[in-house]
Every structure is written in C-alpha cells, then in structure tokens.
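K.L.:
Supplied in structure tokens, the structure appears directly below.
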Amino acid sequence: MSQLKTVSHIDDIPSTPGKFKSDKSSYIHRLRIYSTLSKLTLWSSFFLIFVLFFVFLSRTTSPAAAPNRRALGDSWGGSDWEKRVSKSARRSTASGFTVLVTGAAGFVGTHVSLALKRRGDGVLGLDNFNRYYDPNLKRARQKLLDRAGVFIVEGDINDSVLLHKLFDVVMFTHVMHLAAQAGVRYAMQNPNSYVHSNIAGFVNLLEVCKSANPQPAIVWASSSSVYGLNSKVPFSEKDRTDQPASLYAATKKAGEEIAHTYNHIYGLSITGLRFFTVYGPWGRPDMAYFFFTKDILKGKQITIFEAPGHGTVARDFTYIDDIVKGCLGALDTAKKSTGSGGKKKGAAQFRIFNLGNTSPVPVSELVRILEKLLKVKAKKKLLPMPRNGDVKFTHANISLAHSELGYRPTTNLETGLRKFVQWYLEYSSGSKKKSSW
Ligand SMILES: *[C@@H]1O[C@H](CO)[C@@H](O)[C@H](O)[C@H]1NC(C)=O
Ligand SMILES: *[C@@H]1O[C@H](CO)[C@@H](O)[C@H](O)[C@H]1NC(C)=O
C-alpha cells in the first residue's frame, strides 16, 4: 500500500483547512495516538452501556403504553393516506415481496426502491427528509419514486406509533432498513443525531418487527467503517471490528450487536450489509466524489488529504447498481423470521456481508478521472489527513457475498463516474433554473 504514493480525502463534508496543524514531533504525535486510543476505548464502553440501556428500556415499555401523540392534522394518518400506503405496498406479481424501505429518499434507498418496484414487489418508503444535506435532492428523488408508484411516508424510524401503524396497514414480508445518520466528520458536530437514528431508531424498528405477526425478514445497511483501524487487507467479515475510528462507525458496530441480540432473542431473520463507499447518480453531496465534481466545475480549490508519512488514502469505491444487486440478492436469499408476536420459535438466519468492489482506488486517481471526464483541471491543495474519523484505506473481500448472494460487481470507477457526471450535469443545470443549487 505504501508504494502507492498518494493522497486523499474521503466521504464527507468539506473540512476547514488550516484548523489542523501538521505535527513535526513524533513524540507528541505518539502521545496523541495514545490519547486517541484511550478516548476510543472510553467511547466504546459508553456505547456498550448505551446499547444495554436501550435494550433494557425496550423490554420494559410496551408499545401499547406509547402515548398516542398523533392526532388529526399530522403529516400522516387518515383514510386517503392509508389508501396510498396500501396501494404503494401492493405487489404486482404473485411471488413478489412486500417491502418497507426505510431511508427511501436517500441515495441507496431510492435506487433499491425503484429496482424492487420494477420487478414487481410492493414497496413502501419511509423517510424523515432531514436537513443533513440538501433536502431538495431528497425531494427530487421522491418525485422519481412517486412516478414509479412508490409512496414515501414522511416520518422518523424512532416514532414507534407510526411504525406500528404501518405494520397494521401492511403485512410486510421484508424490511430493507437503509435509514441512518451517515457521514464520518459530522459526528463531531452532531453526535446525538447518530444515536437518534442509528441506535434508538434501529432498536425501535426492531421492536416493531419483532412484535409483528408474521415477523418480516430484515436486511439493513451496516458499513465498511466498522473495520476501523483494522489493517489486515482485504477486509473479511471475520476480521476484528472492535476498533472504530469514528462515532459513525461505533454506532454501526453497535447496530450489528443489537441486530444479533434481536435475532437471538426473538428469532428475527437479519442480514447486515457492510457497504464500501457507494457512489453514482443521485448520490450524496457530502461525499468527496460529489463535492469534488461540484468544486472542480466552479474552479474552486479542492483539498486532498495525505495519509501520515505520505501514505496513500484509497477507497474501495462501489457503484450503486452493483450495491442494488447485492441488496436484492440479500432479500432474495433471506430466510423467514421464525418468531411471531414477540416469541421466538426457533433459530433464525443471521448474516453479515461485505458489499464492495474489491479494487481500492487512491483518491488522487479519483481526481484524475474526474478531471478527464469534466475536461477541467482541478486546483488541488494537499493537506495531511486530520484525525477525525477517516481511515486510510478500505478494501473488501467479497467472496462470501459472491458465494451466498451471487454478488459480482461489474462497474469500474471510471465507468461509474462517467454515469455520475452525466447525471450531475443534467441535474445541476435543471435545478439551477429553479433554486440555489
Ligand atoms: C426515541 O423515541 C423515544 C420515544 O418513543 C424517546 O423517548 C427517545 O428520546 C427517542 N430517542 C432519541 C435518541 O431521539
Ligand atoms: C476472503 O474471505 C473468505 C471467507 O469468506 C476467506 O476464506 C478468504 O481466505 C478471504 N481471502 C482473503 C484474501 O483474505
């Protein structure tokens, strides 16, 4: 890896260059590593306690006791709303699934919903349309789904009254859980948002699934970030994941443990998918490939981070269509949950898969491809990577997903970026007319 002389930047919001001074003294440097490590241990313990607390809480509060906060006039409810919900969830083939897709207005959620609907499954979306990134993009994706016959319920996964209502109206066979607070660096600004969505919201969703009758099978998005400081490459599912490098990663790792608990206690069939840097049309504006494109076109300088010791920062960029195939493969091979009405009847399926591309690309190469596709030379600034959550390198071993899900990614970075750039140019010229894009 060290022979790749490169630089990088990762999948998050632009940082503030200048805030991070590079340290010449290796002693201070080492001290910092130690203090970072002990902070990590502290955070990990904190999270374990938090998880246990929520599991405890969820066992002591019955759904019936939840206050009925929703009254007439809220953003959901009523017979018209129920009709839209039922219609969207109706499958068009006899063998089709009935799938609840959380985070349906998100990047992966939109593509998965469209693919499921296209093949005849019933799909109901759920999304809270939060403002983590431009909600106009989420609304544009919603329009796309609407045209395809997918309705998105506006609500939060931590709202148990709403979730129970959805399960009353529709008998879901599957839940594709993609709602999450994403982003690595944003966790330093808004840590609670990660706890709200990735922990409390996930537990709430599992609570509702476990008491549904029949219980749905669940496929959900974990993250390659759970590998954290693991340096053994390629990353295999059995590698250690107890050294998260960000709060985001810690909450995803907590999610994997929570999922195991619900599988063990209630017989829920659960499959976790560790996504590796997903990119493509309708992607997330907080990711490097997206804002590099935007900034290069504007002639704005882009900041490329260099790993310590001039090491390479590289990512196993995975094209959205490949990820969608992996998600559908996971749904298609998911066994039924075994419990009913909150009682376990037997052992249920529990799986975890990497969904990557197995071909890490240095971020400098990403920039080179973008320059070529955009026909604009980027104004680059190299900075040492700040220690705020990004890892140096990701590389997926996908042999398990290949053998169990038939997963075989086919899109290389240049082909995928070409499709992204084509979409970006169309989308940004369309929305420039309307708004502040
Ligand atoms: C999630 O919802 C519950 C009520 O259902 C509430 O008590 C709790 O504060 C919420 N958690 C977060 C982190 O928003
Ligand atoms: C990839 O993972 C499989 C298990 O799924 C393992 O048998 C194999 O040795 C791994 N390959 C590498 C190169 O680590």
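Read the figures in this text as sums done on the coordinates, not as results from a lab. The structure presented is a predicted model; accordingly, all values stated were derived computationally and were not measured. Cβ atoms come from the backbone with ideal geometry, glycine included; neighbour counts cover every protein chain shown.
K.L.:
Restricting things to alpha carbons, tell me how big the stretch 275-354 is in terms of Rg and Dmax, in Å.
P.N.:
19.9, 61
K.L.:
At 1.002 mPa s and 20 °C, plugging the Kirkwood radius over alpha-carbon pairs of the stretch 225-283 into Stokes-Einstein gives what diffusion coefficient in µm²/s?
P.N.:
On the way: Rh = 12.9 Å.
Value of D from the Cα-based Kirkwood radius: 166 µm²/s.
K.L.:
What is the magnitude of the charge dipole of the stretch 121-169 about its Cα centre, with +1 placed on the Cβ of each Lys and Arg, -1 on the Cβ of each Asp and Glu, and no other charges, expressed in debye to the nearest 20?
P.N.:
280
K.L.:
Pop out the Kirkwood hydrodynamic radius of the stretch 313-437 from its pairwise C-alpha distances, inverse of mean 1/r, in Å to one decimal.
P.N.:
Value: 17.9 Å, from the Cα pair sum.
K.L.:
Using a simple spin-label model with points 7 Å from Cα along the Cα→Cβ vector, what separation in nm is obtained for residue 169 and residue 233?
P.N.:
4.7
K.L.:
Follow-up. Rounded, prolate or oblate: which one fits the stretch 379-423, using the alpha carbon gyration tensor with axes a ≥ b ≥ c (rounded when a/c is under 1.5, else prolate when a/b beats b/c, else oblate)?
P.N.:
Oblate shape, in that a/c is at least 1.5 and b/c is the bigger or equal ratio.
K.L.:
Same structure, new question: Loop only per DSSP, at most 13 neighbouring Cβ atoms within 10 Å: give me the trypsin sites (Lys or Arg not before Pro) in the stretch 138-245, ordered by residue number. Numbers along the way, then the final one.
P.N.:
On the way: sites: 138, 139, 141, 143, 147, 165, 185, 210, 232, 238, 240; in loops: 232, 238, 240.
Filter output for the stretch 138-245: 232, 238, 240.
K.L.:
Rounded to whole Å and ordered largest first, report the semi-axes of the equivalent ellipsoid of the stretch 171-281 derived from its Cα gyration tensor (root of 5λ).
P.N.:
Over the Cα atoms of the stretch 171-281, the semi-axes work out to 24, 16, 13 Å.
K.L.:
OK, next. Just the projected area, averaged over all directions, of the convex hull on the alpha carbon atoms of the stretch 350-389: how many nm²?
P.N.:
Across all orientations, the stretch 350-389 yields a mean hull projection of 5.2 nm².
K.L.:
Then there's this: Take the Cβ-Cβ distance between residue 86 and residue 130 as r, set R0 to 22 Å, and report the resulting FRET efficiency rounded to the nearest 0.05.
P.N.:
Once the sixth-power term is evaluated, E becomes 0.25.
K.L.:
Between residue 419 and residue 380, 0.36 nm times their residue separation minus their Cα-Cα distance comes to what?
P.N.:
My answer for the length gained is 11.7 nm.
K.L.:
Over the stretch 146-197, what lengths in whole Å, largest first, do the semi-axes of the equivalent ellipsoid take, defined as the square roots of 5 times the eigenvalues of the alpha-carbon gyration tensor?
P.N.:
Ellipsoid semi-axes (Å, largest first): 26, 15, 10.
K.L.:
Picking from 280, 235, 251, whose Cα lies most toward the positive end of the charge dipole for the stretch 231-301 (charges on Cβ: Lys, Arg +1; Asp, Glu -1)?
P.N.:
In the stretch 231-301, that residue is 280.
K.L.:
Is there a pair in 143/298; 117/165; 298/372 whose C-alpha atoms are over 18 Å apart, and which pairs would that be?
P.N.:
As for pairs spanning more than 18 Å Cα to Cα, those are 143/298; 117/165.
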